[in-house]
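A short reminder: the numbers here are calculations on the coordinates, not readings from a lab. Note that the structure is a prediction, hence the values are computed from the model and not measured. Quick reminder, even Gly has a Cβ in these numbers, built from the backbone with ideal geometry, and neighbours come from all protein chains shown.
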Amino acid sequence: MTDRHTMLHFPMEHRMADAARGDGDAAYDLGICYQTGTAGVAIDLIEAHKWFNLAAVSGMAAAQDARAEVASAMSARQIATAQAAARAWLGSLHQRAA
């Protein structure tokens, strides 16, 4: 697992690229950034939920807990938006791979 303090030294683009390659740790790190407003991004619970969801899909148990925590502060509509964004992200990866 990535050292969360070290992660802040990597540009967001690198973590996005890592997440695009299926790196669950990178997706989790992105979720943390959007949940807490670190690494130069504003707090965005929809984005945080999306990234935690993607990390959870990769099998990361901590991401499931983080996703539930974020969801507790979101409306049903926001959760649905985050889930749709996660599906779209996965869909775009499958299209690139084809």
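Filter region 66-88 for residues that are more than 11 Å from His49 (Cα to Cα) and among the charged types (D, E, K, R) and give the result.
Listed by number, the residues that qualify are Arg77, Arg87.
Out of all the residues in region 41-62, which are closer than 22 Å to Ala76 by Cα and not aliphatic (A, V, I, L, M)?
Asp44, Glu47, His49, Lys50, Trp51, Phe52, Asn53, listed by residue number.
If only one of Ala55, Ala73, Ala66 is of a type outside the set (Phe, Trp, Tyr), touching a residue at least 12 places away in the same chain (Cβ under 8 Å) and farther than 22 Å from Ala20 by Cβ, which one is it? Steps first, please.
Working: Ala55 fails: farther than 22 Å from Ala20 by Cβ; Ala66 fails: farther than 22 Å from Ala20 by Cβ.
One residue alone meets the criteria, Ala73.
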